[in-house]
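Scroll down for the structure; my scribbles are underneath it.
The values are calculated or read from the model by the stated rules, or taken from the named source; none is laboratory data. What you see is a predicted model; the values in this text were computed from it and never measured. Using ideal geometry, Cβ is built from the backbone for each residue, glycine included, and neighbour counts are taken over all protein chains shown. Areas reflect the complete protein model, heavy atoms only, side chains present, ligands, DNA and RNA absent. Shrake-Rupley method; radii C 1.70, N 1.55, O 1.52, S 1.80 Å.
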Amino acid sequence: MGQCLIGAYVEVHNKSAETRKSVQPVQFVSWGGIGSPNRVKGAASLGIDTHRLPLSPWPNAQGEYDFQAAAIYLPLLKRFGLKTVVSIFSHGVPDWFWQKYPDTKPKNAQGEHGTWAGSIWSPQVHVEVLKGIQEIIAYLSRHELLHLVDGVEVGVGMEGQLSYLWGSFWAFDPYALMAYRYFLRGRFPSIKYLNTMWGTRYVEFADILPPLRYEQTAACRTFLDFYRQSILETAEAWSGAVATRFQPKSWVWLSHFIAPDQRPYAARYPEYYLCHLHRLGRADVAIVSVVPGWQTRQEVDGLRRLGLRTIGEWDITPTPNRQLQQAQLAWDLGCDGLFVGVLENLMDEQGHLNEVGSTTQRIIEQWRSGKRPV
């Protein structure tokens, strides 16, 4: 699971240097938590080179969008020499949407509903997110801010990750069931043929539900193909809404690994997604997990062989000890850089470093000098 087709792999690596996109280096990355303009100056002096600026595609109940953070912080970040990645996340769904479209919440086999993001099979979710993406690009263009944007990150699923919440299969809402059965009809010419392949006795496709739990069966493997393909298609559609209006210098994706026994439920297969997105010219930087036991050096190397820069992440508000621990893990896994967390966790409103910030500064200095952080 999660591997590129050999042909695609060769195609990527046979591209000449002249045809490859020139990507600005991204190495030490922060996210959100600016609050005070002094923190931007503090981030630059700390050694951070890239900041992910979150913008929500969701309007309020009156249909109004709030992108003021872009007008405030994009010029400021550029002034102090930081590259800016506009992070467009689909989570943070407003209450008015849930009230209007309650069946768009992800649902598992136990009947529990998730509210971390809308069902990616729901047409209402797609309409709102695509409209919001278009509004963001239009706002940036109208206010002459697009030239200040270096990268774009499009979030799908929980916390913007290319994944579902682990622990359950979240494909039991009515839109997911419809999409899954449509997928099955496309893969199997008849219900009789499906039963032969699966060893089942379904009467019609409408009887089929996603698996209750992961098992090594043909039915489960087919469902996982559908599960992860759905994430990829959503990532392609939503990034495509950006690409038709704006071509960033770099495309950034939050594509974490997870423990092997949880991967089927979370559908976290970074190489699968990023291989295909890279072929579209929409993947340059992968922010990956560096949690012990969640990934291997070989898996991270697989992303780097695609031509991606990898940024290690574990904690967005680490303690000094945790910041050092995740820096060492990222280094040992062969990552190109480190996600250092939110700015407000590193310094006060005047931009003065706290203990976490001082530890981070030392980590960056050592990393840039070619030394493992200690």
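Results, tabulated for the structure shown:
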item	result
Rh (Kirkwood; distinct C-alpha pairs) - the chain, Å	21.7
Percent of beta bridges antiparallel (DSSP, the chain, rounded to nearest 5)	5
Mean separation of Cα contacts under 8 Å (6+ apart) over length of the chain, as relative contact order %	21
FRET efficiency for Arg79 and Arg245, using Cβ-Cβ distance with R0 set to 22 Å, rounded to 0.05	0.30
Cleavage-rule hits, trypsin sites (Lys or Arg not before Pro), the range 188-244, DSSP coil, Cβ neighbours within 10 Å at most 10	Arg201, Arg213
Surface accessible to a 1.4 Å probe, Ser369 within the full protein complex, Å²	70
Accessible surface of Arg187 - all protein chains present, 1.4 Å probe, nearest 10 Å²	110
Full-extension gain in nm, Gln366 to His352, via 0.36 nm per residue minus C-alpha separation	3.0 nm
Relative contact order of the range 66-150, pairs being alpha-carbon contacts under 8 Å that are 6 or more residues apart, as %	38
Gap separating the Cα centres of the range 253-301 and the range 318-347, nearest whole Å	18
Over the range 243-372, relative contact order from alpha-carbon pairs under 8 Å, at least 6 apart, %	19
